[in-house]
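The values are calculated or read from the model by the stated rules, or taken from the named source; none is laboratory data. Worth saying up front: this structure is predicted, and the values here are computed from it rather than measured. Positions of Cβ are backbone-derived with ideal geometry, glycine not excepted, and every protein chain shown enters the neighbour counts.
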Amino acid sequence: MRMYDLIEKKKNGQELSTEEIRWMIFSYTKDEIPDYQMSAMTMAICFTGLNDRETLDLTLAMKDSGDCLNLSGIEGVTADKHSTGGVGDKTTLSLAPIIAALGVPMAKMSGRGLGFTGGTIDKLECFPGFTTALSEEKFIKNVNTIKLAIAAQTANLAPADKKLYALRDVTATVDQMSLIAGSIMSKKLASGSDIIVLDVKTGSGAFMKTLEDAQKLAEIMVRIGTMAGKKTAAVITDMDEPLGNAVGNSLEVIEAIEALSGNGPKDFMEVVYALGSKILVLAGKAQTGREAQQMMQRCITSGAAKQKFADFVAAQGGDASYVWDTVKFPKTAYEMPVYAPQAGYIKSIDAQDIGTACMMLGGGRETKESTIDLSVGIYLMKKRGGFTEAKGHIATVYANDRAKGEAAVKMVQEAYNITAEAAGQVPMVKKTIPSIQMQK
Ligand code: URA
């Protein structure tokens, strides 16, 4: 087979066979296909697309390019949750202990943040001593004993995706639907869980800017998961403004702990309950979403979810006393208020701008190698629909460098769109894509 011929085929809109796709992905992983030919292929895919069968083949080939976790040693049906990435998205930190406390094993592989989006692994490392470098044996043991483990993706989990993602990142080919679906689902399938619930974000702080595109992406991923034999469902949620009030690693951890104490922001809890309901229903723990939500609420009120989070932090080597006493998290040198330039209603807060401001403070990575400052971030006092007086205190920037802090204050102020008309309520859950019944 020659890569040249495959590029030519795809350029002309022809279908690639299963054999061709597998040969291409395995050869690329082994450095037998140069980046310049693979870039031509990804660009051809951007223009002519992949059909469902080709997208499934691409996903399975990327999954098979490395190790797959064997979760057969875990008792019960295992669940995983994945977000397509957003700003202020600390959902896993609150959702996973609730689900685990309700008896569904959560065996989760997570990533680090890149660019303006945050990552669960960085947030968990706010607990001194916490490790996500778990051996497969320890990972399975923790899931069996406390029903929850979160590990960093190992270097050999879908290595084809790692290589391809880095290439797409620099060739303007990230936002192609089949390539995103294949990238996400190859990692989820290699992680081995029986249930996959996807949180597909839409809005200014998401890859998918429109609901229509988010729905297409969600539907493709649900079809891929189902064809691969997994119970898969998706929830499309709003990312037009940051999720919750806190953006920045330790600020988000504190907010997630507050949520487990019954004090979570309304928009954030809406997303937690929507995703959790899907998992509990697919796992057979609840008949309806409403019943599932009541179970989750009781689990928070009883303190079981917060206790589960503390047990999980301790089981992965972290100092669990921070869960009970969040003032222990490090403070920044500067706390800088952001004031509203005029009176009015908050119409929107550009999520990408807030994420970028946090990254510039040192809270996010500009490159994979960047080290990050876990204490910096932004706290949004006013969110969409809220009213502010002129010069009202709308947000606080937490910085360790005065000049960076001042630049962030300006960015945050500009991210707010304040208008004279009252803004209506925007539902967080835009749409749900139910799982598809598998044919026997
Ligand atoms: N997240 C991924 O893992 N891959 C993509 O292509 C986009 C978002």
> When you look at Met221, is it farther than 20 Å from Leu71 by Cα, surrounded by 24 or more Cβ atoms within 10 Å (Cβ to Cβ) and within 12 Å of the ligand (Cβ to nearest atom), yes or no?
Replying inline: yes
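Within 16 Å of the ligand (Cβ to nearest atom) and either closer than 24 Å to Gly203 by Cα or without any contact (Cβ under 8 Å) to a residue 40 or more places away in the chain (or both): does that describe Ala160? Give the steps one after another, and end with the answer.
Values: within 16 Å of the ligand (Cβ to nearest atom): yes; either closer than 24 Å to Gly203 by Cα or without any contact (Cβ under 8 Å) to a residue 40 or more places away in the chain (or both): no.
The answer is no for Ala160.
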>> Looking at segment 382-390, can you tell me whether even one residue there is hydrophobic (A, V, I, L, M, F, W, C) and buried (at least 24 other Cβ atoms within 10 Å of the Cβ)?
In response: no
> What single numbered condition from (1) more than 16 Å from the ligand (Cβ to nearest atom); (2) closer than 26 Å to Asn249 by Cα; (3) surrounded by 20 or more Cβ atoms within 10 Å (Cβ to Cβ) fails to hold for Thr78?
Replying inline: (2)
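Any residue at all in segment 333-350 that's free of Cβ contacts under 8 Å to residues at least 40 places away in the same chain, outside the structural domain of Ala283 (by TED's automatic domain parsing) and not in a helix (DSSP H, G or I)? It would help to see each step written out before you state the result.
Taking segment 333-350 and keeping what is free of Cβ contacts under 8 Å to residues at least 40 places away in the same chain, we get none.
Scanning segment 333-350 turns up no residue that is free of Cβ contacts under 8 Å to residues at least 40 places away in the same chain, outside the structural domain of Ala283 (by TED's automatic domain parsing) and not in a helix (DSSP H, G or I).
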>> Scan segment 84-94 and tell me whether some residue there is at pLDDT below 95, crowded, with 24+ Cβ neighbours inside 10 Å, within 16 Å of the ligand (Cβ to nearest atom) and not in a loop (DSSP other than H, G, I, E, B).
In response: no
>> Within segment 304-329, take every residue that is touching a residue at least 60 places away in the same chain (Cβ under 8 Å) and assigned to a loop (DSSP other than H, G, I, E, B) and give me the one that is nearest to Pro105 (Cα to Cα).
In response: Gln316
> Just a yes or no: is a residue in segment 414-428 over 25 Å from Ile254 (Cα atoms) and without any contact (Cβ under 8 Å) to a residue 60 or more places away in the chain?
Replying inline: yes
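Looking only at helices (runs of 4 or more DSSP H) that lie completely in segment 246-303, which have at least 1 residues being surrounded by fewer than 16 Cβ atoms within 10 Å (Cβ to Cβ)?
On the way: elements: 249-260, 266-282, 289-301.
Filter on segment 246-303 gives 266-282, 289-301.
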> How many of the residues in segment 391-408 are under 12 Å from Pro341 (Cβ atoms) and surrounded by 13 or more Cβ atoms within 10 Å (Cβ to Cβ)?
Replying inline: 2
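Condition test on Ile98, is it buried (at least 24 other Cβ atoms within 10 Å of the Cβ), away from the ligand (no atom under 15 Å from the Cβ) and in a helix (DSSP H, G or I)?
Details: buried (at least 24 other Cβ atoms within 10 Å of the Cβ): yes; away from the ligand (no atom under 15 Å from the Cβ): yes; in a helix (DSSP H, G or I): yes.
The answer is yes for Ile98.
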>> What pairs come out if I take residues in segment 70-85 that are on the phi > 0 side of the Ramachandran plot and pair them with residues that are modelled with pLDDT of 90 or more and part of a loop (DSSP other than H, G, I, E, B) whose C-beta lies under 7 Å away, six or more apart or interchain?
In response: Gly76/Pro105
> If you scan segment 399-413, which residues turn out to be in contact (Cβ under 8 Å) with a residue 40 or more places away in the chain and small (Gly, Ala, Ser)?
Replying inline: Ala399, Gly405, Ala407, Ala408
>> If I filter segment 165-216 down to residues being near the ligand (Cβ under 10 Å from one of its atoms), among the β-branched types (Val, Ile, Thr) and assigned to a loop (DSSP other than H, G, I, E, B), which single residue comes out as farthest from Met38 (Cα to Cα)?
In response: Val174
